[in-house]
Amino acid sequence: MPTIEASPVLIQKPQRYEKNIQIFNLRDNEYQLSFPIPVHLEYENGAFAAVSHDLNLFGWADTEEEAITDLCHEIVDYYIDLKKEHQNVINQMSQHWNFLQRVMKSCS
């Protein structure tokens, strides 16, 4: 009787995809969100990008979760920078500061 061998299943990542999500936490021990932030996820050329169009910030990584975590770190760093310099920021950065004050708060 002939033997039937199973061929390996190749799981391929899509060449490109996009989706919109909301993040509800910043993955940070010092800062948290009061309201969710919309995030646009993209996969292209072997990398994931998590983009906050409201803040013009993004995170890059090999996985969706790592890209979101990278974006969260960028948001926290940006908030800290703007908090130090909010008196001196102009135009769009001032809008970002106002937005972040509404959606973020310190855990302490």
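Scan the range 44-99 for residues that are β-branched (Val, Ile, Thr) and closer than 20 Å to Gln22 by Cα and jot them down.
Result: Val51, Thr63, Ile68, Thr69, Ile75, Val76.
Every residue, every condition in (1) over 21 Å from Asn98 (Cα atoms); (2) in a strand (DSSP E or B); (3) of a type in the set (Phe, Trp, Tyr); (4) within 12 Å of the chain's Cα centre (by Cα), yes or no:
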| residue | (1), (2), (3), (4) |
| --- | --- |
| Arg27 | yes, no, no, yes |
| Ala49 | yes, yes, no, yes |
| Asp54 | no, no, no, yes |
| Trp60 | yes, yes, yes, yes |
| Glu65 | yes, no, no, yes |
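Considering the range 60-73 alone, what residues qualify as being crowded, with 17+ Cβ neighbours inside 10 Å and either within 18 Å of Tyr31 (Cα to Cα) or among the charged types (D, E, K, R) (or both)?
The answer is Ile68, Thr69, Asp70, Leu71, Cys72.
From Glu85, Glu74, Glu44, which residue is acidic (Asp, Glu), out of contact with any Asp or Glu (no Cβ under 8 Å at 6 or more places or on another chain) and at pLDDT 95 or above?
Glu74 is the lone residue from the list that is acidic (Asp, Glu), out of contact with any Asp or Glu (no Cβ under 8 Å at 6 or more places or on another chain) and at pLDDT 95 or above.
Pairs please, first residue from the range 15-36 and under 14 Å from Asp77 (Cα atoms) and among the charged types (D, E, K, R), second anywhere and at pLDDT 95 or above and in a strand (DSSP E or B), Cβ atoms under 8 Å, 6+ apart in sequence or on different chains.
none
Look at the range 78-108 and say how many of its residues are acidic (Asp, Glu) and either surrounded by 13 or more Cβ atoms within 10 Å (Cβ to Cβ) or under 11 Å from Leu26 (Cβ atoms) (or both).
1
Pick out the one residue from Tyr17, Tyr79, Tyr31, Tyr43 that is among the aromatic types (Phe, Trp, Tyr) and touching a Cys at 6+ places or on another chain (Cβ under 7 Å).
Sole residue among the options that is among the aromatic types (Phe, Trp, Tyr) and touching a Cys at 6+ places or on another chain (Cβ under 7 Å): Tyr31.
May I ask you to verify whether Tyr43 is in a helix (DSSP H, G or I), surrounded by 15 or more Cβ atoms within 10 Å (Cβ to Cβ), of a type in the set (Ser, Thr, Tyr) and out of contact with any Ser or Thr (no Cβ under 6 Å at 6 or more places or on another chain)?
So Tyr43 does not fit the description; no.
Looking only at the range 47-89, count every residue that is in contact (Cβ under 8 Å) with a residue 24 or more places away in the chain and either touching a His at 6+ places or on another chain (Cβ under 7 Å) or on the phi > 0 side of the Ramachandran plot (or both) and tell me the total.
Residues that pass the stated criteria total 2.
The values are calculated or read from the model by the stated rules, or taken from the named source; none is laboratory data. In this text the structure is predicted, and so the values were computed from the model without any measurement. Note: ideal-geometry Cβ built from the backbone for every residue, glycine included; neighbour counts use all protein chains shown.
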